[in-house]
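Student: Dropping a structure here in structure tokens format, bear with me for questions.
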Amino acid sequence: MRKLTYREAVREGLHEALRSDPRAFLMGEDVGKYGGAYACSRGLLEEFGPERIRDTPLSESTFVGAGIGAALNGMRPIVEVMTVNFSLLALDQIVNNAATLRHMSGGQLSVPLVVRMATGAGRQVAAQHSHSLEGWYAHIPGIKVLAPATVTDARGMLLAALREPDPVFIFEHSYLYPQEGEMEDEAGPADLTHAAIRRPGAGISVITYGGSLWKALKAAEDLAAEGIDAEVIDLRSLRPLDGDTIIASVRKTHRALIVDEGWRTGSLSAEISAQIMEGAFYDLDAPVDRICSAEVPIPYPKHLEDVALPQPATIVAAVKRMLEKGT
Amino acid sequence: MANEPDRDKALRLLHDMLRIRRFEEKTAELYSGGKIRGFLHLYIGEEAVAAGAIPVLHPEDAIVATYREHGHALMRGTPMGALMAELYGKVDGCSRGRGGSMHFFDASRRFYGGLAIVAGGLPIAVGIALGDKLQSRAGVTACFFGDGATAEGEFHESMNLAALWKLPVLFLCENNLYAMGTEIHRYESQTDIAAKAQGYGMPGEAVDGMDVLAVEAAMRKATDHARAGNGPSLLEFQTYRFRAHSMYDAELYRNKHEVEEWKEHDPIKNFEGRMHEWKCLTSDDLVSMEAAIAKEIDEAVAFAEAGTWEPLGDLTKDVYTT
């Protein structure tokens, strides 16, 4: 085990990808000279040169589309869209092209494209820079959606994504970049198919991903001090979802709380809740509950932003409420 | 006007245009008969663009086209039967029947669609060209789009990026004067499309898109430019569709007089006339050409009719590779 920050882990992943696969290249806004808006690609331009580390114009739709084209033509592009907020400008390419080309062409084409972007709120950057739209992306068949929450996954999921023959979208919570974590020794490409139980427990299943994982773990710690034993599941992959791990956990704990920084209505948390109803309804001792962001554009001032987002205290309160209600 | 071609070449060009037209006339008939459904956008009137431009390309070059791409796929060499079967929705189609009229694909001929979001193909063309450049391959990428696409952001973004990175992309605008039902004067502040190339520092040329030889000559110049490593060009082929936008279009937005006037410039009739002037076309030539095309179409229809439906169990196949 060794300590490093999440952004260093992403950089290691990028470095490893570029070093080991001559077809891999990185493009996006400010990935080269600037070193990446979140400093994930610092030093890569100097090492790999401007052909493989390509600064792009502010043309999200076109550089994502160009990634699709290059992927169709034998390359392994890694496209950095600075934030999920800007990815909305590239939705046409993502939804209409990346997700459809393989199926629509009868299997003739494949799009081995990796798109990375920062997501999430919590840094007082106001409504247009605080979206958590990974749940939207998870709605779309034809793409895979990942949300690495740990440094080991930040590096390993990127490496695994590059081995995928289909488009993979990686959502990195912006709050995590400066956070330190323990990288597992010899960590290679990550398994992309299974959720991880980050804290085993018997009293309730807290199902979450990405930046919210750390809030859920903090809440679980606080609950443990009060004798409540929460199991914390890190989804890791949002599409496909590992329903088996969720259902197995709920069958064991008989209670499920979903923590999702996306808005509640029509959200990924709603999908998970539905899957629990479909797969484990008779195992439940209490209704499934959800902690999501308030249904508002995320506001700038800290006191309002804090209350708009899932927090350890709200998770703790929800768990206690559920346990009181249950049998 | 371009130089007089030799007889064989002239006959080939005439055949290619006529073949597209007769194929599409048949598809319109089959649409009315219920064999083909969904959207069907006909290219009739615009045949000189595909027939002139596509033979200039090499096998290693790539094509990205639009939802009005029957002619382009025919010119690229995808068998007519596979195209007809695609229109029928049969598994024997060029996209296993999953795409229909708007989504012809033929990876073996580097034909990347068949894309139905206006201007959505331009970024992909830029990326294919980038892929060629990064792998030191010789190919150029020909990207067809309509005049309506020039109002989209992706047109401007793609022109900028291709020029910035000096990529071998041919931006080929088929200007038929209408973005679906809206005339170009009603949606463009600058209706001189070729002039837009100046803003990106690339060559731009307006070409008579009803003249197959003019199309070919302009295309040759632009591909030579790209192959020499000088980057992209924009060609504006001025053309006109004689039919409605799609089979659903009641054509309330243009008058019949305008359509009749443009039919005076019919690329096939005009080229036939010029071949007569050059004395390289006999009535026997025409009769045998029509007969050969009719036979090919009959065979394509028979192939599509005999085709099979994709099994229901394959519905989710190829959403992902694995």
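Read the figures in this text as sums done on the coordinates, not as results from a lab. None of these values were measured; they are calculated from a predicted model. No Cβ is skipped: glycine too gets one built from the backbone with ideal geometry, and neighbour counts run over all protein chains shown.
Student: Pairs of Cα atoms under 8 Å, at least six residues apart: use those to get the relative contact order of the stretch B:63-152, whole percent.
Tutor: About 31 percent, as a whole number.
Student: How long is the gain from B:Ala292 to B:Lys166 if the chain were fully straight, where each residue apart is worth 0.36 nm and the alpha carbon distance is subtracted?
Tutor: On the way: separation 126, 0.36 × 126 = 45.36 nm, distance 4.31 nm.
Roughly 41.0 nm would be gained on extension.
Student: Moving on to the next point. Between B:Gly38, B:Tyr112, B:Ala53, whose Cα lies farthest towards the positive end of the dipole of chain B when Lys and Arg beta carbons carry +1 and Asp and Glu beta carbons carry -1, centred on the Cα centre?
Tutor: Farthest towards the positive end: B:Tyr112.
Student: Taking θ as phi - 60°, what are the ³J(HN,Hα) couplings along the stretch A:308-316 by the Karplus curve (6.51, -1.76, 1.60), each to the nearest whole Hz, with x for Gly and Pro?
Tutor: Going residue by residue, I get 7, 10, x, 9, x, 5, 6, 5, 4 Hz, with x marking Gly and Pro.
Student: What net charge is computed for the residues neighbouring A:Arg11, neighbours being all others with C-beta under 9 Å from the C-beta of A:Arg11, Lys and Arg scored +1, Asp and Glu -1? Provide the component values of the computation, followed by the final result.
Tutor: Details: positive: A:Arg7, A:Arg42, A:Arg155; negative: A:Glu8, A:Glu12.
Spelling it out: positives minus negatives among the neighbours equals +1.
Student: May I pose another question? What ³J(HN,Hα) values, in whole Hz, does the Karplus curve 6.51 cos²θ - 1.76 cosθ + 1.60 give for the stretch A:203-220 when θ = phi - 60°, with x put for Gly and Pro?
Tutor: With the stated coefficients, the stretch A:203-220 comes to x, 6, 9, 9, 10, 7, 6, x, x, 6, 4, 5, 5, 5, 5, 5, 4, 4 Hz.
Student: Which order results if B:Asp211, A:Asp244, B:Asp92, B:Asp284 are arranged by neighbouring Cβ count within 10 Å, fewest first? Please report the intermediate quantities before stating the final value.
Tutor: Details: B:Asp211 23, A:Asp244 12, B:Asp92 19, B:Asp284 8.
In increasing order of surrounding Cβ atoms, one gets B:Asp284, A:Asp244, B:Asp92, B:Asp211.
Student: Would you work out the charge dipole size for the protein assembly as shown about its Cα centre, treating the Cβ of every Lys and Arg as +1 and the Cβ of every Asp and Glu as -1, and quote it to the nearest 20 debye? Kindly include the intermediate steps, with their values, before the conclusion.
Tutor: Numbers: 66 positive and 92 negative charges, 182 e Å.
Rounded to the nearest 20 debye, it is 880 debye.
Student: Which of A:Lys33/B:Lys196; A:Lys144/B:Lys90; B:Lys9/B:Lys35; A:Lys3/A:Lys218; B:Lys90/B:Lys295; B:Lys221/B:Lys263 have a Cα-Cα distance over 25 Å? All intermediate terms of the calculation are to be shown ahead of the outcome.
Tutor: Values: A:Lys33/B:Lys196 30 Å; A:Lys144/B:Lys90 29 Å; B:Lys9/B:Lys35 35 Å; A:Lys3/A:Lys218 20 Å; B:Lys90/B:Lys295 21 Å; B:Lys221/B:Lys263 28 Å.
Exceeds cut-off: A:Lys33/B:Lys196; A:Lys144/B:Lys90; B:Lys9/B:Lys35; B:Lys221/B:Lys263.
Student: Sketch the reach of a paramagnetic label on A:Ala202 as a point 7 Å from Cα along Cα-to-Cβ, and name the residues of the stretch A:236-277 whose backbone nitrogen lies under 18 Å away.
Tutor: A:248-256
Student: I've got another one for you. Of A:Val31, B:Gln135, B:Gly81, which is farthest along the charge dipole of the protein assembly as shown in the positive direction, counting Lys and Arg as +1 and Asp and Glu as -1 at C-beta?
Tutor: Value: A:Val31.
Student: What's the magnitude of the charge dipole for chain B around its Cα centre, counting Lys and Arg as +1 and Asp and Glu as -1 at the beta-carbon? Answer in Debye, nearest 20. Mind showing how you got there, number by number?
Tutor: Values: 34 positive and 49 negative charges, 148 e Å.
Computed about the Cα centre, the dipole is about 720 debye.
Student: Which residue, B:Ala222, B:His257, B:Pro267, has the largest displacement toward the positive end of the dipole of the stretch B:200-276 when charges sit on each Cβ (Lys, Arg +1; Asp, Glu -1)?
Tutor: Result: B:Ala222, furthest along the dipole toward the positive end.
Student: Taking the Cα of A:Asp55, stepping 7 Å toward and past its beta carbon, and measuring to each backbone N in the stretch B:154-180: which are under 15 Å?
Tutor: B:164-165
Student: What is the spread of the Cα atoms of the protein assembly as shown along each of their three principal axes, largest first, in whole Å?
Tutor: Rounded to whole Å, the extents work out to 99, 54, 45 Å.
Student: Work through the residues other than A:Ser249 whose Cβ is under 13 Å from its Cβ and net out their charges, Lys, Arg +1 and Asp, Glu -1.
Tutor: Here the charged neighbours net out to -1.
Student: For a quick size check, give me the Cα extents of the stretch A:64-213 along its three principal axes, largest first, whole Å.
Tutor: On the principal axes, the stretch A:64-213 reaches 48, 38, 28 Å in Cα extent.
Student: Pairs of alpha-carbon atoms within less than 8 angstrom and 6+ residues apart define the contacts here; what relative contact order does chain B have, in percent? The partial results should precede the final answer.
Tutor: Values: 599 pairs, mean separation 73.5, N = 322.
Dividing the mean separation by the residue count of chain B yields 23 percent.
Student: Around B:Thr78, which amide H atoms from residues at least 5 apart in sequence, or from another chain, sit under 5 Å from its own amide H, with H modelled in the peptide plane?
Tutor: none
Student: Please report, in whole Å, how far the alpha carbons of the stretch A:269-327 spread along each principal axis, starting with the longest.
Tutor: For the stretch A:269-327, the Cα extents along the three principal axes come out at 43, 25, 13 Å.
Student: How high is the relative contact order of the stretch A:251-326, given as a whole-number percent (alpha carbon pairs under 8 Å, six or more residues apart)? Don't skip to the end; give the middle numbers.
Tutor: Numbers: 90 pairs, mean separation 28.3, N = 76.
RCO, the stretch A:251-326: 37 percent.
Student: Using only the Cα atoms of the stretch A:168-270, build the gyration tensor, take square roots of its eigenvalues as a ≥ b ≥ c, and label the shape rounded, prolate or oblate: rounded if a/c is under 1.5, else prolate if a/b is larger than b/c, else oblate.
Tutor: Details: a/c = 1.39, a/b = 1.21, b/c = 1.14.
Because its axes are fairly even, with a/c under 1.5, the stretch A:168-270 counts as rounded.
Student: Continuing with this model, one more query. Could you tell me what percent of the DSSP beta bridges with both partners in chain A are antiparallel, to the nearest 5? List each step's numbers first, then the result.
Tutor: Working: 9 of 44 bridges.
Here the antiparallel bridges make up roughly 20 percent for chain A.
Student: For peptide B:153-162, compute the average count of partner chain beta-carbon atoms within 10 Å of each residue's beta-carbon.
Tutor: Numbers: counts 6, 7, 1, 2, 11, 6, 1, 3, 7, 2.
Across the residues of B:153-162, the mean count of other-chain Cβ atoms within 10 Å is 5.
Student: Filter the trypsin sites (Lys or Arg not before Pro) in the stretch B:1-41 to those in DSSP coil with at most 14 other Cβ atoms within 10 Å of their Cβ, and list the result.
Tutor: Numbers: sites: B:Arg7, B:Lys9, B:Arg12, B:Arg19, B:Arg21, B:Arg22, B:Lys26, B:Lys35, B:Arg37; in loops: B:Lys35, B:Arg37.
Taking the stretch B:1-41 and a limit of 14 other Cβ atoms within 10 Å, the loop trypsin sites (Lys or Arg not before Pro) found are B:Arg37.
Student: Tell me, B:Asp6, B:Asp314 in order of fewest to most beta-carbon neighbours within 10 Å?
Tutor: On the way: B:Asp6 10, B:Asp314 14.
Lowest count first: B:Asp6, B:Asp314.
Student: Here's another thing I want to ask about it. Could you put B:Glu154, A:Glu271 in order, starting from the residue whose Cβ has the fewest other Cβ atoms within 10 Å? Walk me through the numbers before you get to the answer.
Tutor: Working: B:Glu154 25, A:Glu271 19.
Placing the least packed residue first, the sequence is A:Glu271, B:Glu154.
Student: In the stretch B:144-167, whose amide N lies under 20 Å from the spot 7 Å out along Cα-to-Cβ of B:Lys221? List them in ranges.
Tutor: Answer for this model: B:144-145, B:163, B:167.
Student: Given charges of +1 on the Cβ of Lys and Arg and -1 on the Cβ of Asp and Glu, with all other atoms neutral, how large is the dipole of the stretch A:101-187 about its Cα centre, in debye to the nearest 20? It would help to have the intermediate numbers written out before the result.
Tutor: Values: 6 positive and 10 negative charges, 102 e Å.
Once rounded to the nearest 20, the dipole reads 500 debye.
Student: Once you sort the root eigenvalues of the Cα gyration tensor of the stretch A:1-128 as a ≥ b ≥ c, which label holds: rounded (a/c under 1.5), prolate (a/b larger than b/c) or oblate (the other case)? Could you put the intermediate results ahead of the total?
Tutor: Numbers: a/c = 1.78, a/b = 1.24, b/c = 1.44.
In terms of gyration-tensor shape, oblate.
Student: Please list, in chain and number order, the residues 5+ apart from A:His173 or on another chain whose amide H is under 5 Å from its amide H, with Hs placed from the backbone.
Tutor: A:Thr119, A:Gly211
Student: If you bin every alpha carbon distance in chain B into 20 Å steps from zero, what whole percent lands in each bin?
Tutor: 32, 60, 8
Student: Hey, another quick one. Go ahead and estimate [θ] at 222 nm for the protein assembly as shown from helices alone: -39,500 (n - 2.57) per DSSP H run with n ≥ 4, summed, over the residue count, rounded to 500. Let's see the in-between values first.
Tutor: Values: 22 runs with 249 residues, N = 649.
Value at 222 nm, helices only: -11500 deg cm²/dmol.
Student: Give me the extension gain from B:Ala306 to B:Ala151: residue separation times 0.36 nm, minus the current Cα-Cα distance, reported in nm with one decimal. It would help to have the intermediate numbers written out before the result.
Tutor: On the way: separation 155, 0.36 × 155 = 55.80 nm, distance 4.25 nm.
Stretched fully, the B:Ala306-B:Ala151 segment lengthens by 51.5 nm.
Student: Right, next: Given q = 0.09 Å⁻¹, what are the Debye log10 I(q)/I(0) values for chain A, with equal point scatterers placed on the Cα positions and solvent ignored?
Tutor: Calculated log10 I(q)/I(0) at the listed q: -0.45.
Student: Kyte-Doolittle cut-off -0.5, length cut-off 30 Å along the helix's own axis using Cα: show which whole DSSP H helices in chain B pass.
Tutor: Qualifying helices: B:283-306.
Student: Please list, in chain and number order, the residues 5+ apart from A:Arg116 or on another chain whose amide H is under 5 Å from its amide H, with Hs placed from the backbone.
Tutor: A:Val79, A:Glu80, A:Val81, A:Ile170
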